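The values are calculated or read from the model by the stated rules, or taken from the named source; none is laboratory data. Keep in mind that this is a model prediction, so the values were computed, not measured. Virtual Cβ from ideal backbone geometry, glycine too; neighbours counted across all protein chains shown.
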Ligand code: AMP
Ligand code: ZN
Ligand code: FE
Ligand code: FE
């Protein structure tokens, strides 16, 4: 039995709703999932209510994935067992939501100047929930026939350094770590294998990270060994997850349960949680 501790729902840029994700996880016989939407906790309450109402035999862990930037590089910080009613957390997430909305407007303007017409309503419709991210802009570009895939949209237009890219709000890893801790959560460095600068990983650990996502579909064997070593030397919890977003023909990433930890590893996390 496995735990997939990195799952996105339609509350951020996943395709399935929290309820659909839970149904799928139960069907796949997954013991537990952490819902870790980008910069939002909106998927958590519906998920927990659904589990309770249906009395489902699955563990749902309240999580988040905060998209931060460190020296020009994307660094994602996962938070587990957060109190999603925490007022400070909610206030900051609301600011981020508004900043993301304004960023989307700017990107739509830039695209328009390049001759690519998509509307804000269309992007909002793609976003389903309140949180707008670049994948939603990519989906609108596909819908209007400008690109075939999400990857093409990033590579040609909205990836960093591409002509319609707009910087995200300034949000630093230390603030994400602090917010997660003050709302009772455990901060974990997400997919370290996607970070190109090794010094960044060391620096982020120094900021007070408590775990590292060792098991991730895009990590190869040697990376897994390397990150296991880092977790030992720095006394970090070991986590794993698939980063499931739902798959479509325009965008295939990872399947649910394709990154995971076992029950023994999960027990260590639960134990750590009780002690802190
Ligand atoms: P945002 O936080 O709005 O800047 O969007 C970042 C998100 O876009 C990431 O968390 C990924 O889910 C997705 N993403 C980033 N780069 C790519 C890419 N090259 N292809 C597909 N999805 C991407
Ligand atoms: Zn995402
Ligand atoms: Fe991520
Ligand atoms: Fe993710």
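The table below gives the values:
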{"read-out": "Condition check for residue 22: assigned to a strand (DSSP E or B) and either under 25 Å from residue 91 (Cα atoms) or more than 15 Å from ligand 2 (Cβ to nearest atom) (or both)", "value": "no"}
{"read-out": "Long-range neighbours under 6 Å by Cβ, at least six apart or interchain, first residue within 12 Å of residue 196 (Cα to Cα) within segment 59-78, second within 13 Å of ligand 2 (Cβ to nearest atom)", "value": "none"}
{"read-out": "Filter result (touching a residue at least 40 places away in the same chain (Cβ under 8 Å) and not in a loop (DSSP other than H, G, I, E, B)) within segment 154-167", "value": "157, 158"}
{"read-out": "Residue that is farthest from residue 98 (Cα to Cα), among those in segment 117-131 that are part of a loop (DSSP other than H, G, I, E, B) and away from ligand 2 (no atom under 16 Å from the Cβ)", "value": "117"}
{"read-out": "Residues being touching a strand residue (DSSP E or B) at 6+ places or on another chain (Cβ under 9 Å) and part of a loop (DSSP other than H, G, I, E, B) - total across segment 6-19", "value": "7"}
{"read-out": "Verdict on residue 48 being at pLDDT 95 or above and touching a strand residue (DSSP E or B) at 6+ places or on another chain (Cβ under 7 Å)", "value": "yes"}
{"read-out": "Filtered residues of segment 132-153 (kept if more than 20 Å from residue 69 (Cα to Cα) and part of a loop (DSSP other than H, G, I, E, B))", "value": "144, 145, 146, 147, 148, 149"}
{"read-out": "Tally of residues being within 16 Å of ligand 1 (Cβ to nearest atom) and out of contact with any helix residue (DSSP H, G or I) (no Cβ under 9 Å at 6 or more places or on another chain) across segment 171-220", "value": "7"}
{"read-out": "Selected residue (criterion: surrounded by the most Cβ atoms within 10 Å (Cβ to Cβ)) from residues of segment 1-29 that are within 16 Å of ligand 3 (Cβ to nearest atom) and closer than 22 Å to residue 265 by Cβ", "value": "7"}
{"read-out": "Single match in 65, 95, 73, 105 (criterion: surrounded by fewer than 18 Cβ atoms within 10 Å (Cβ to Cβ) and within 16 Å of ligand 3 (Cβ to nearest atom))", "value": "73"}
{"read-out": "Qualifying position, being within 15 Å of residue 245 (Cα to Cα) and more than 16 Å from ligand 1 (Cβ to nearest atom), among 20, 53", "value": "20"}
{"read-out": "Number of positions in segment 187-215 that are within 15 Å of ligand 3 (Cβ to nearest atom), farther than 24 Å from residue 61 by Cβ and surrounded by fewer than 18 Cβ atoms within 10 Å (Cβ to Cβ)", "value": "1"}
{"read-out": "Qualifying position, being surrounded by 16 or more Cβ atoms within 10 Å (Cβ to Cβ) and touching a strand residue (DSSP E or B) at 6+ places or on another chain (Cβ under 7 Å), among 79, 129", "value": "79"}
{"read-out": "Residue ranges of helices (runs of 4 or more DSSP H) in segment 168-276 with at least 3 members in contact (Cβ under 8 Å) with a residue 40 or more places away in the chain and closer than 21 Å to residue 64 by Cβ", "value": "173-182, 263-275"}
{"read-out": "Selection status of residue 171, over 30 Å from residue 271 (Cα atoms), within 16 Å of ligand 4 (Cβ to nearest atom) and at pLDDT 95 or above", "value": "no"}
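Every residue, every condition in (1) out of contact with any helix residue (DSSP H, G or I) (no Cβ under 8 Å at 6 or more places or on another chain); (2) more than 30 Å from residue 27 (Cα to Cα); (3) more than 14 Å from ligand 2 (Cβ to nearest atom); (4) not in a helix (DSSP H, G or I), yes or no:
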{"residue": "51", "(1), (2), (3), (4)": "no, no, yes, no"}
{"residue": "65", "(1), (2), (3), (4)": "yes, no, no, yes"}
{"residue": "78", "(1), (2), (3), (4)": "yes, no, no, yes"}
{"residue": "84", "(1), (2), (3), (4)": "no, no, yes, yes"}
{"residue": "90", "(1), (2), (3), (4)": "yes, yes, yes, no"}
